[in-house]
Amino acid sequence: MEDVTYQKLKAFFPQVHLGAVEESKFRSLWVLKSFNRSELITEAGTTERYFYFVLEGVQALYILNEKGEKVVLGFSYSGSPSGVFDSFMYKTPSFTFLEALKPSKMLAINWENYQSLFELYPDFQTWGHHFFRDILIGRLYREVELLTLSAEERYIQFMQRCPKELRVIPQKYLASYLNMQPETFSRLRKSTHY
Amino acid sequence: MPPLLITSENQIQRLNLLMKTIGQLQELDISKLTTPPKPKAWSVLEIIEHLSIAYTFYVEKIDAALAKSPERTTENEVLKARAWQKLIIKGQRPKEGKRQWKMKTLQKFEPIFSNNLSQEQINEAFEKFNHLYDHLKQSILNGRQKEVSKTKVSSAIGPIVTFYLPECFEFLLSHAERHLVQIQETLDSLS
């Protein structure tokens, strides 16, 4: 792993302080993986093998509804974590797909190595506390937005916090994430300022 | 009649479930795998072998169709099966967990096993199935990177039925799902 790549990974674990030997070991646990656009990183029905840190690209996490339509649950992008966490943690088949919407480069750590971080280095317990707290609160906010805001309000809230990378993915994914029809999303995009 | 919508993600999800379910059957006793529920009916292993035989007729056709399909430049879209193909596919697809109607199997698709199969022969039958249906899975995945919605494949019964590649995948998957129901019926009647 190149130094510049490692610095990005290190920045994702701000609570973790490792010595030189530990750092070398930590660095060796991650594998670089590349995915083409439209490639399925994780398929529904298979068990997630990795926890990912995204270096490049955008990925969508989605489930198929009864009609077979994609219902987008979330996105990952440069600097964010990725993967199907429930399948990874519980080692059970995934209900969701993880798809590369753009060509993607990701660092991957498998379950055994991920677990070893928590057992070997106490700082990862602190990191884990912050990480899962932020995920939980983020999902809670999203649920409140979906249940209480109008389509226009959801659009504005999302666009105000959305990274630039997400603005160039196909609209249907953003529309699905915001629980609106692609036509509604397109209309809001033309008529709404944020 | 509502349209039959085809997406590769839906096919992958169903195929993963199908392969996992068939894989679990390998744990069953030899007698459960090889005993037919009634004379002239197929045993579980014969049904699996039938699925392998049926798919064998498509391997080269699918490989050739994928090879001649151009690289995809647009988003993966939902494909609507055409009327005749939809009829053929829906005839295979189980409805509410039941096979819709029974049909006579052509001789070339009939599984033929000798009596007293060994565990090794049983394992070979499962390996063959896994190998072939993994080919189907890889083909569906490869099809996501190609423009396959207008690539034609003739069916194993000849040009009377011609599929576009995603319709062909859907037919094969629905056919396998139909026989998965038959496997369950067979196991139910044996227990």
Taking the full set of protein chains and a 1.4 angstrom probe, give the accessible area of A:D3 in square angstrom, rounded to the nearest 10. 100 Å²
In this model, which of B:K61/B:K104; B:K61/B:K86; B:K32/B:K108; A:K91/B:K90 are farther than 31 Å apart at the alpha-carbon? A:K91/B:K90
The simple spin-label model distance between A:Y141 and A:E56, using points 7 Å out along Cα→Cβ, in nm, is 2.9 nm
Taking trypsin sites (Lys or Arg not before Pro) as exposed when DSSP calls them loop (any state but H, G, I, E, B) and at most 11 other Cβ atoms lie within 10 Å, what is the longest stretch of chain B free of them, the sites themselves excluded? B:41-101
May I ask you to list, by number, the DSSP H helices of chain B whose Cα span along the axis is at least 30 Å and whose average Kyte-Doolittle hydropathy reaches 0.0 or more? B:44-68, B:165-190
List the aspartates and glutamates whose Cα sits under 13 Å from the Cα of B:K95, skipping any in the same chain fewer than 8 residues away. B:E177
Given a Förster distance of 41 Å, report the FRET efficiency between B:I112 and B:K150 from their Cβ-Cβ distance, rounded to the nearest 0.05. 0.65
Can you pull the three principal axis extents for the Cα set of chain B, in Å, largest first? 52, 35, 28
As a quick test, which of the pairs A:K105/B:K20; B:K102/B:K128; A:K33/A:K70 have an alpha carbon distance above 27 angstrom in this structure? A:K105/B:K20
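The values are calculated or read from the model by the stated rules, or taken from the named source; none is laboratory data. A quick note: this is a predicted structure, and the numbers were derived from the prediction, not measured. Cβ sites come from the backbone with ideal geometry, for glycine too, and all protein chains shown count toward neighbours. Heads up: the accessible areas ignore ligands, DNA and RNA and are worked out on the full protein's heavy atoms, side chains in. Shrake-Rupley method; radii C 1.70, N 1.55, O 1.52, S 1.80 Å.
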